[in-house]
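A quick write-up on the structure given underneath.
Every number in this text was worked out from the coordinates using simple rules, so none of it is lab data. Fair warning: this is a prediction, and the values are worked out from it, not measured in the lab. Here the Cβ positions follow ideal geometry from the backbone for every residue, glycine too, while neighbour counts run over all protein chains shown.
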Amino acid sequence: MSLHVLGISSSPRARSNSDALLGEALRGAETGGARTEHVRLSDLAIAPCRACEACAKTGECVIRDDFQPLLAKLLQADRLVFATPVHFMGVASQGKVFIDRCQSLWSRKYRMKRPLFAEDRDRRALVIAVGGSKVERMFDGIRLTMRYWFDTLEMGYFANLFVQCVDAAGTVRDDITAMGEACRLGAALADPDALMPAAPTDIVLTGHDPGAASTHS
Ligand SMILES: Cc1cc2nc3c(=O)[nH]c(=O)nc-3n(C[C@H](O)[C@H](O)[C@H](O)COP(=O)(O)O)c2cc1C
């Protein structure tokens, strides 16, 4: 049976750079026969976690909104591609709101000691992030959040594709290297025979947006 690859895009803007790379990664996954789905968080209504602690007892979130259907897709998926712009050195708030709502899963796993899945599953995730600057450690916040989130989701951290110095909307589409890497990593992610690396493969590229580095450094 073909793998199901879910793409989740966090950017709030039209002609998003990170969303364009996500589209390429999903295209790459499809070349190997995977079924893909591309979800943009900006199209959904997901409220922030209220830290009400209700999930500590039930493992379920009491806020009913677009979170539950997306969580169901995420739990069903074999692979995840999560794409975000760098916003103040971290995941964009649209993405962070969704991640924080996964506290219900964290409660299920770590407080209630209930496994997420009845059987062993090979679940893997690829992270795509784009930032306007080229400052040191600009992807560190995203790496940490992703590692902690993937532990909760029982997903292996397969790879990062980070692109710096890309700022204006849509400019990454002209970057053949970045678009090519996204496609290649998407195909590798969806290859059922690919070995899971001990540490995530880390690809950091520098874009060609002439105004970018000066505005965000
Ligand atoms: C609210 C906000 C915060 C940002 N913070 C950073 C930052 O901390 N570091 C950085 O390199 N770029 C930052 N940027 C620039 C974006 O990362 C950059 O424009 C990127 O290309 C956006 O990707 P997108 O088109 O997928 O949204 C910020 C942009 C916005 C709107």
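Worth pointing out:
- Dipole magnitude of the stretch 1-82 about its Cα centre (Cβ charges: Lys, Arg +1; Asp, Glu -1), debye to nearest 20: 80
- Loop-located chymotrypsin sites (Phe, Trp or Tyr not before Pro) in the stretch 17-116, at most 10 other Cβ atoms within 10 Å (DSSP): 88
- If the chain linking residue 66 and residue 173 were pulled fully straight, counting 0.36 nm for each residue of separation and taking away their Cα-Cα distance, it would gain 35.6 nm.
- Among 22, 71, 185: highest mean-square fluctuation, GNM of the chain, C-alpha pairs under 10 Å: 71
- Percent of Cα-Cα distances greater than 29 Å, calculated over the chain: 23
- Percent of beta bridges antiparallel (DSSP, the chain, rounded to nearest 5): 5
- Percent RCO, i.e. relative contact order, over the chain, from Cα pairs under 8 Å lying at least 6 residues apart: 27
- Sites excluded, GluC sites (Glu not before Pro) in DSSP loops with at most 11 other C-beta within 10 Å, longest stretch of the chain: 137-217
- Extents of the stretch 139-183, largest first, come to 35, 21, 14 Å (Cα atoms, principal axes, whole angstrom).
- Those lysines that a straight Cα-Cα span of less than 16 Å connects to residue 113, excepting residues fewer than 8 apart in one chain: 57
- Of every Cα-Cα pair in the stretch 16-100, the percent that sits beyond 15 Å: 65
- Kirkwood Rh, angstrom, the stretch 106-217 [1 / mean 1/r, Cα pairs]: 15.7
- Estimated FRET transfer efficiency when R0 is 25 angstrom, pair residue 110-residue 89 (beta carbons, to 0.05): 0.40
- Listed residues 172, 144, 23: farthest to the positive end of the dipole of the chain (Cβ charges): 144
- Once you reduce the stretch 1-36 and the stretch 70-100 to the center of their Cα atoms, the two points are 13 Å from each other.
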